[in-house]
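Peer 1: Handing you this structure, nothing more for now.
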Amino acid sequence: QVQLVESGGGLVQAGGSLRLSCAASGRTVSNYAMGWFRQALGKEREFVAAINWSGGSTYYADSVKGRFIISRDNAKNTVYLQMNSLKPEDTAVYSCATGPSTIPTMPIGYDYWGRGTQVTVSS
């Protein structure tokens with residue numbers, strides 16, 4: 001059974017930073033793409049960032065480009081999301097996902113999802 005567990009969320013002031021981690025089990029994620037999505041209260045889930053199986057290609061939503069960095073450590077079977085210069089509008093539940101990710105910016109490209117971790121940015 002494939003499981004993804006996110007950690008690192010919390011409460012931070014605007015302008016601060018957080019690093020989210022997603023640890024995978026049941027699948028060697030070096031063979032798959034990894035992505036981060038978020039869902040704010042009352043809004044639909046949206047794409048945040050993705051990284052391909054080799055780490056050589058990354059993708060970012062325009063809203064986070066230049067502030068967030070996605071990376072992976074295949075030896076630890078873990079993907080990270082470094083979030084800098086956080087804004088109140090970044091407040092959401094952040095979920096990681098893994099899959100073939102033929103279309104890395106869309107949920108349909110992933111087959112397993114974590115439960116998510118809450119990120120709250122205060123003004």
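The values are calculated or read from the model by the stated rules, or taken from the named source; none is laboratory data. Keep in mind it's a predicted model, so treat the numbers as computed, not measured. So basically every Cβ, Gly included, is an ideal-geometry build from the backbone, and we count neighbours across all protein chains shown. Protein only, heavy atoms only, side chains kept; ligands, DNA and RNA dropped before computing areas. Shrake-Rupley method; radii C 1.70, N 1.55, O 1.52, S 1.80 Å.
Peer 1: Only loop residues by DSSP count here, and only those with at most 11 other Cβ atoms within 10 Å; note down the GluC sites (Glu not before Pro) in the range 1-53 that meet that. Display every interim value, and only then the final one.
Peer 2: Numbers: sites: GLU6, GLU44, GLU46; in loops: GLU44.
Answer by residue number: GLU44.
Peer 1: Also: Once both labels are modelled 7 Å past Cα along the beta-carbon direction, what's the SER63-SER123 spacing in nm?
Peer 2: Label-label distance for SER63 and SER123, simple model: 1.6 nm.
Peer 1: Continuing with the same structure: Send over a whole-number figure in Å² for the accessible area per residue of the chain, probe 1.4 Å.
Peer 2: Details: 6500 Å² over 123 residues.
Spelled out: the 1.4 Å probe surface of the chain, per residue, equals 53 Å².
Peer 1: Just to confirm a number: summing +1 for Lys and Arg and -1 for Asp and Glu over residues other than ARG72 whose beta-carbon lies under 15 angstrom from that of ARG72, what do you get?
Peer 2: On the way: positive: ARG19, ARG27, LYS76; negative: GLU6, ASP73.
The answer is +1.
Peer 1: In debye, nearest 20: dipole of the chain around its Cα centre with unit charges on the Cβ of K, R (+) and D, E (-)?
Peer 2: On the way: 11 positive and 8 negative charges, 33 e Å.
For this selection, approximately 160 debye.
Peer 1: Take VAL2 and THR105, extend 7 Å from each Cα along the Cα→Cβ direction, and tell me the distance between the two endpoints in nm.
Peer 2: Distance between the two pseudo-spin positions: 2.2 nm.
Peer 1: Could you give the radius of gyration (one decimal) and Dmax (whole number) of the Cα atoms in the range 1-70, in Å?
Peer 2: Gyration radius and largest Cα-Cα distance of the range 1-70: 13.4, 38 Å.
Peer 1: Could you work out what % of the accessible surface of the range 42-123 is carbon and sulfur, using a 1.4 angstrom probe and leaving DNA, RNA and ligands out of the count?
Peer 2: Numbers: 2190 of 4400 Å².
On the range 42-123, the fraction of accessible area on carbon and sulfur atoms equals 50 percent.
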